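Right, one structure below, let's go through it.
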Amino acid sequence: MERLQKVIANAGVTSRRKAEELILKGLVKVNGKVVKELGSKVSDKDRIEVDGNLLTKEAKVYYLLNKPRGVITSVSDEKNRKTVVDLIPCEERIYPIGRLDYDTTGVLLLTNDGEFANILMHPNDKVDKKYIAKVKGIVKGDTINALKNGVIIDGRKCEKAKVKLRKIDLKNNTSMVEIILHEGRNHQVKKMFESVGFEVLKLKRERVFIFDLKGLKSGEYRMLSKKEVAIVYSLQKK
Ligand code: URA
């Protein structure tokens, strides 16, 4: 027997948090009856309906995409723009783990495994994300130190970050800065630079945890290996 929200998330319909919301809203039925209790346990034999749709078990799939610019990180878009899911033709109902802005490129993981997504989304010292930002202007040591120590964005201090100046281009008046974060706040990198007076011109995520862009051109994707999936799951036990 497993918890209802876990079974829904594992079926690839949505994240566990969203599954909990659906249960609380009375949109989940087990064997024809609405169940609103979050702890409810279900088995393989139970018939589960989520918002009127029967839950079926899908094989778990895991993808790593090198997200190009001009694609939205979502499963669908009301303005009919291209989404990251459109770039990966597959039968399963995959969704992105976390979010990259429309104009941000780089590492994005997609899956239909809610538990896997949850592990990577959950704050964890071991799951870090490495970004490279091209910013307008020449960044100096005091700015790097301010970013390292944690600037305030949206009224809240960011955690300490690893920040390195990779290169400056005096001719074009730009700098390349590497930032490694554990947090994943909305538009975090752009807002961090804004708070120290710099505009981000280009942003690329080079790595999430152990996943980098090796062998993937822009718009290309690959499936994760069983070993890679197991390494993510091993974080749960620590
Ligand atoms: N920080 C941003 O500002 N944008 C992203 O897409 C990712 C991190």
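The values are calculated or read from the model by the stated rules, or taken from the named source; none is laboratory data. Every value quoted in this text rests on a predicted model; they were computed, and no experiment measured them. Because the Cβ atoms are built from the backbone with ideal geometry, glycine has one as well, and the counts that use them run over all protein chains shown. Keep in mind that these areas ignore ligands, DNA and RNA; they rest on the heavy atoms of the full protein, side chains included. Shrake-Rupley method; radii C 1.70, N 1.55, O 1.52, S 1.80 Å.
Brief remarks follow.
- Percentage relative contact order, segment 27-104, counting C-alpha pairs under 8 Å, at least six apart: 24 percent
- Computed with a 1.4 Å probe over protein heavy atoms only, the accessible area of Asp212 comes to about 50 Å².
- According to the calculation over all Cα-Cα pairs in the chain, the P(r) per 5 Å bin from zero is 1, 6, 13, 15, 16, 15, 13, 10, 6, 3, 2, 1, 0, 0 %.
- Under 25 Å of direct C-alpha separation, and excluding same-chain neighbours fewer than eight residues apart, Lys29 reaches these lysines: Lys6, Lys18, Lys41, Lys45, Lys57, Lys60.
- Computed extension length for Val35-Thr56: 5.8 nm, one decimal, from 0.36 nm per residue of separation with the Cα-Cα distance subtracted.
- The chain - accessible surface per residue (Å², probe 1.4 Å): 56 Å²
- Taking the protein heavy atoms of segment 2-54 in the context of the full set of protein chains, the accessible area attributed to carbon and sulfur is 46 percent at 1.4 Å.
- Full extension of the segment from Tyr102 to Lys162, taken as 0.36 nm per residue of separation minus the current Cα-Cα distance, would add 19.1 nm.
- Values of log10 I(q)/I(0), in the order q = 0.13 Å⁻¹, for segment 31-87 under a Debye, Cα-only, solvent-free model: -0.61
- Separation of the Asn118 and Leu201 label points, Cα + 7 Å toward Cβ, nm: 4.4 nm
- The 1.4 Å probe gives accessible areas that order Lys129, Lys237, largest first, as Lys237, Lys129.
- FRET efficiency for the pair Leu24 and Asp46, taken as 1/(1 + (r/R0)^6) with r the Cβ-Cβ distance and R0 = 22 Å, rounds to 0.70.
- For Glu206, the solvent-accessible surface with a 1.4 Å probe is about 40 Å², rounded to the nearest 10.
- Accessible area of Tyr95 (1.4 Å probe, protein heavy atoms only, ligands and nucleic acids ignored): about 30 Å².
- For the pair segment 85-138 / segment 190-206, the C-alpha centres are spaced 18 Å from each other.
- Projected area averaged over orientations for segment 2-54, convex hull of C-alpha atoms, nm²: 3.0 nm²
- Taking a Cβ cut-off of under 12 Å around His182, the surrounding Lys, Arg, Asp and Glu residues balance to a net charge of +2, with basic ones at +1 and acidic ones at -1.
- The listed residues Lys45, Lys36 rank as Lys45, Lys36 when sorted by accessible area, largest first, using a 1.4 Å probe.
- Per-residue [θ]222 nm for the chain (sum of -39500 (n - 2.57) over DSSP H runs n ≥ 4, rounded to 500): -5500 deg cm²/dmol
- Put His122, His182 in order of accessible area, highest first, and with a 1.4 Å probe you get His122, His182.
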